[in-house]
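The values are calculated or read from the model by the stated rules, or taken from the named source; none is laboratory data. Note that the structure is a prediction, hence the values are computed from the model and not measured. Cβ coordinates were reconstructed from backbone atoms using ideal geometry, including for glycine residues, and neighbour counts include every protein chain displayed. Protein only, heavy atoms only, side chains kept; ligands, DNA and RNA dropped before computing areas. Shrake-Rupley method; radii C 1.70, N 1.55, O 1.52, S 1.80 Å.
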Amino acid sequence: MPAREAWLRGPVDGVPPLLQPVAHALVQARDEVEALAAGLAPEHLWDRPGGVASAGFHLQHLSGVLDRMQTYARDEPLTRSQLAALGAEGVPDPTLTPPRLADAFGQGVEAALEQLRETDPDSLAEARYVGRARVPSSHIGLWVHAAEHTMRHVGQLLVTVRVVS
C-alpha cells in the first residue's frame, strides 16, 4: 500500500475538481482492499464471526454497489445481470478467491474513475433516481454515496479480516 493516503497524493488525473474527494475515496478503498485480500486466507473468505457478514460478502458488495451507483449516475435502470449479482452477494462460492474479488473491485474502481472523468460538473445538481421505485437523489448525491458506502464496507471488511485471520 502506498505510504500516503490517496487524498494526499494530489489530484486524480482528469477528474473534475468537485469530484476529487469521491475519486480519492475510491482509490483509497482500492488500495486497502488489495492489502486486505492479500492477507486473507481463502478458507476464511466466507466465515461469519459472531454472525456478521463475511469478508466475501463485503468484497462482492463493494463491487456491486459501485457498479449500481455508476448505473444510476448515468440515469439508467439496473440490468438483469446486475440484479442477479445483487442476489448472489454473500452466497458462498468456492470458485471465488480473495485476490479475484479484490481484482474485480479494482476494475470497478477504474470504471468509476473513467466515468467520473467523463462527468460534466454542470450536471451534478441534476436529478437522478435509485431503484425500481425511482427514489430521487442527485447526480452528485449518487457519487458521494458511492464513496461513503464503499468506505463503510472497507471498514467492516478490515475488522472481519482481522477477526478471522
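Observations on the structure shown:
- Carbon plus sulfur fraction of accessible area for region 32-165, probe 1.4 Å, in percent: 57
- Nearest-20 debye value, the chain charge dipole, Cβ charges on Lys, Arg, Asp, Glu: 380
- Solvent-accessible surface (1.4 angstrom probe) belonging to residue 69, in square angstrom, nearest 10: 20
- The charge dipole of region 44-132, taken about its Cα centre with unit charges on the Cβ atoms of Lys, Arg (+1), Asp and Glu (-1) only, comes to about 380 debye.
- Looking at region 104-165, the accessible area is 53 square angstrom per residue; that uses a 1.4 Å probe and ignores ligands, DNA and RNA.
- Listed residues 116, 86, 45, most fluctuating in the chain (Gaussian network, C-alpha, under 10 Å): 86
- Relative contact order computed over the chain (Cα-Cα under 8 Å; 6+ residues apart), in percent: 35
- Three-way shape label, region 91-132, alpha-carbon gyration tensor, a/c 1.5: oblate
- Helix axis angle, 55-73 relative to the chain longest principal axis, alpha carbon, degrees: 10
- Put 132, 9 in order of accessible area, highest first, and with a 1.4 Å probe you get 132, 9.
- Residue with peak Gaussian network fluctuation, the chain [Cα springs, cutoff 10 Å], from 52, 144, 154: 52
- The heavy atoms of residue 24 present about 30 square angstrom of accessible area, all protein chains included, probe 1.4 Å.
- Rounded Å value of the spacing that divides the Cα centres of region 18-32 and region 127-156: 14
- Space enclosed by the convex hull of the alpha-carbon atoms of the chain, per residue, Å³: 108
- Accessible-area value, residue 75, 1.4 Å probe, nucleic acids and ligands omitted, Å²: 80
- Rounded to the nearest 10 degrees, the angle from helix 20-38 to the longest Cα principal axis of the chain is 10 degrees.
- Against the main long axis of the alpha-carbon atoms of the chain, helix 98-117 sits at an angle near 10°.
- Given their separation in residues at 0.36 nm each and the Cα-Cα distance between them, residue 8 and residue 38 gain 8.4 nm when the chain is fully extended.
- CD proxy at 222 nm, helix term only [per DSSP H run n ≥ 4: -39500 (n - 2.57); per residue of the chain; nearest 500]: -19000 deg cm²/dmol
- Dividing the alpha-carbon radius of gyration of region 53-147 by the rule-of-thumb value 2.2 N^0.38 Å gives 1.13.
- Note on region 1-99: the alpha carbon radius of gyration divided by the globular reference 2.2 N^0.38 Å gives 1.25.
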